[in-house]
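Input: a single structure, listed below in structure tokens.
The values are calculated or read from the model by the stated rules, or taken from the named source; none is laboratory data. Everything quoted here is computed from the prediction, not taken from an experiment. Cβ placement follows ideal geometry from the backbone for every residue including glycine, while neighbour counts extend to all protein chains displayed. Surface areas here come from the heavy atoms of the whole protein model, side chains and all, with no ligands, DNA or RNA. Shrake-Rupley method; radii C 1.70, N 1.55, O 1.52, S 1.80 Å.
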Amino acid sequence: MTREHWGSRLGFILAAAGSAVGLGNVWKFPYLVGQNGGAAFVVTYLVLVLTIGATGMLAEMAIGRAAQRNPVGAFAALKGGFWPVTGYLGVICGFLILGFYSVIGGWTIAYTVKMLDGTLTAPGLDFAGIFSGFVADPLEPLLYHAVFMALTIGVVLKGVAAGIERWNKILMPSLLVLLVVLILRAVTLDGAMAGVEFYLRPDFSKINADVVLAALSQAFFSLSIGMGAMITYGSYLTRDQNLPRSTVMVVGLDTGVAILAGLIVMPAVFAFGVAPGAGPGLTFITLPGVFQQMPGGMLFGAAFFLLLLFAALTSSVSLLEVPVAYLIDELKVSRRTAVLVLGGIAFLIGIPSSLSLGIWAEFKLFGLPFLDLLDFITSKLIMPVGGLLMCLFAGWVVWPVMRREATNDGTARFLLLPVWNWLLKVVAPAAIAWILIQGLIG
Ligand code: PHE
């Protein structure tokens, strides 16, 4: 059976950017900024993305394209020994992330509906109360979670090239246009400037070990690296793609969207007097308030949550594709069986995730509700550790292969090749190890 491939070079860029740009950018990044000291977090995040993040992204694409296999098979094909463990970690991680990502994906559907049916557009609403009531409900969020998972399954069933590329070509530019419109509205709200200042003027005394670990784990999560998503997408590439250039585009798009999303949420947070450290509800509480103030807010609001839904969907599709590719390549299962079985299990994991925000809130493991536990294990443990192993592997074990991939067998120039090598071998692993240790014990 021949391996599926992307239909065009742009198709890969958009699919990879679609994986990267998701809830991490629009939902998670702004609330992490709010919880971790504002602009100081933004600066820390940018430094980590441009060094460790870009380094890891290029390594994953190169590993995937060289091996033409899923993450487990890729490490086995390129070296074997202990290394496939890194791939297994990724396959499991994709699954666990999907188990809470889909719940939040469901919220975006719910909010699109609630915008249109008037639940969120009447004057004088208590958006914080509406949000906490909704997520704590034992049934409603589960129904939306089921719909979101069904959509994810539907797209992944169609395979690599058929659905994803076309969706992204329409949805990514629309998302950008809407972001710009919403920023213009948010920064012109009364009292918005305090938010802009909090967001853009760093107070470096706020940086500590927790902040740096939060920024590192967000960099991995947002760029979709450390768990094999970019290995998997890279494995559907042909030889003509320039990998360093693709890395610059995907990292640039992802970071740009995160920064722009913060520019919408932070001014609105301050303008409406919401606490910036409010946590996961931040976006869902503040943005409806912004839409309420806009002419045509109902339509803008519905469009915004719809686009957030599509951004989430193109990411969840990549999360599911990682374990699916593993089953197809290694266990010779049909795509259909792999997608249905894995999607079904991920749906089941989502149930306790969702209930942990309501009726099961008291039930904690390691002191955390189930959803927060999944988030912690994946983005603060598995992804940084996976990224660390990946960098060591690329820099020390298969460097000749990496050099070949990054220069397309010596035909393309990559001026930063020595810098990349040094980042892979020493800087990224040392920095990740240090941040992990400091952040986890500190
Ligand atoms: N990058 C996605 C986001 O920011 C999440 C994701 C993580 C997707 C890992 C795939 C793999 O929402």
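Here the condition is being closer than 28 Å to G18 by Cα and within 21 Å of the chain's Cα centre (by Cα); of V196, V187, V181, V160, it holds for V160 alone.
Of the residues in region 151-163, none is part of a helix (DSSP H, G or I), surrounded by fewer than 19 Cβ atoms within 10 Å (Cβ to Cβ) and of a type in the set (V, I, T).
Apart from one condition, A62 fits all of (1) more than 26 Å from F148 (Cβ to Cβ); (2) within 16 Å of the ligand (Cβ to nearest atom); (3) open to solvent by less than 20 Å² (accessible area, probe 1.4 Å); the exception is (2). Filtering region 111-147 down to residues that are part of a helix (DSSP H, G or I) and touching a Pro at 6+ places or on another chain (Cβ under 7 Å), which residue is farthest from the ligand (Cβ to nearest atom)? Step by step, filter region 111-147, then rank; the result is F127.
Let's see how each residue does on (1) open to solvent by less than 20 Å² (accessible area, probe 1.4 Å); (2) of a type in the set (G, A, S); (3) more than 27 Å from I170 (Cβ to Cβ):
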{"site": "G262", "(1), (2), (3)": "yes, yes, no"}
{"site": "V290", "(1), (2), (3)": "yes, no, no"}
{"site": "Q293", "(1), (2), (3)": "no, no, yes"}
{"site": "F304", "(1), (2), (3)": "yes, no, no"}
{"site": "L309", "(1), (2), (3)": "yes, no, no"}
{"site": "L327", "(1), (2), (3)": "no, no, yes"}
{"site": "R335", "(1), (2), (3)": "no, no, no"}
{"site": "I345", "(1), (2), (3)": "no, no, yes"}
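For L282, the requirement of being open to solvent by 10 Å² or more (accessible area, probe 1.4 Å) and within 16 Å of the ligand (Cβ to nearest atom) is not met. Remark: M230 falls outside the filter, which requires a residue to be at pLDDT 85 or above, in a helix (DSSP H, G or I) and away from the ligand (no atom under 12 Å from the Cβ). Looking at this structure, is V248 away from the ligand (no atom under 16 Å from the Cβ), in a helix (DSSP H, G or I) and touching a residue at least 12 places away in the same chain (Cβ under 8 Å)? So V248 passes the test.
Within the option set R413, R403, being free of Cβ contacts under 8 Å to residues at least 24 places away in the same chain, farther than 16 Å from L48 by Cβ and in a helix (DSSP H, G or I) holds for one residue only, R403.
Scanning region 99-117 for residues that are more than 18 Å from P280 (Cβ to Cβ) and without any contact (Cβ under 8 Å) to a residue 40 or more places away in the chain yields V113, D117.
G273 meets all of the listed conditions (1) farther than 14 Å from V33 by Cβ; (2) modelled with pLDDT under 85; (3) assigned to a helix (DSSP H, G or I); (4) open to solvent by 10 Å² or more (accessible area, probe 1.4 Å) but one, namely (3).
Within region 28-52, being within 11 Å of the ligand (Cβ to nearest atom) and crowded, with 24+ Cβ neighbours inside 10 Å holds for one residue alone: F29.
Looking only at region 138-150, how many residues end up being in contact with a helix residue (DSSP H, G or I) (Cβ under 7 Å, 6 or more places away or on another chain) and surrounded by fewer than 20 Cβ atoms within 10 Å (Cβ to Cβ)? Residues that pass the stated criteria total 5.
Which pairs have Cβ atoms under 8 Å, sit 6 or more apart or on different chains, and link a residue in region 289-309 that is farther than 19 Å from M266 by Cβ to one that is open to solvent by 60 Å² or more (accessible area, probe 1.4 Å) and assigned to a helix (DSSP H, G or I)? Filtered contacts from region 289-309: M298/L116; A302/L116. Whether a residue is touching a Leu at 6+ places or on another chain (Cβ under 9 Å), within 16 Å of the ligand (Cβ to nearest atom) and touching a residue at least 40 places away in the same chain (Cβ under 8 Å) was assessed, and F95 passes this test. Name the residue, out of A136, A54, A128, A150, that is more than 19 Å from D254 (Cβ to Cβ) and at pLDDT 95 or above. None of the others qualify; the one that does is A150. Every condition in (1) more than 13 Å from the ligand (Cβ to nearest atom); (2) part of a helix (DSSP H, G or I) is met by A16 except one, and the failing one is (1).
Entry remark, region 207-227: residues being in a helix (DSSP H, G or I) and more than 20 Å from N25 (Cα to Cα) number 1 in total.
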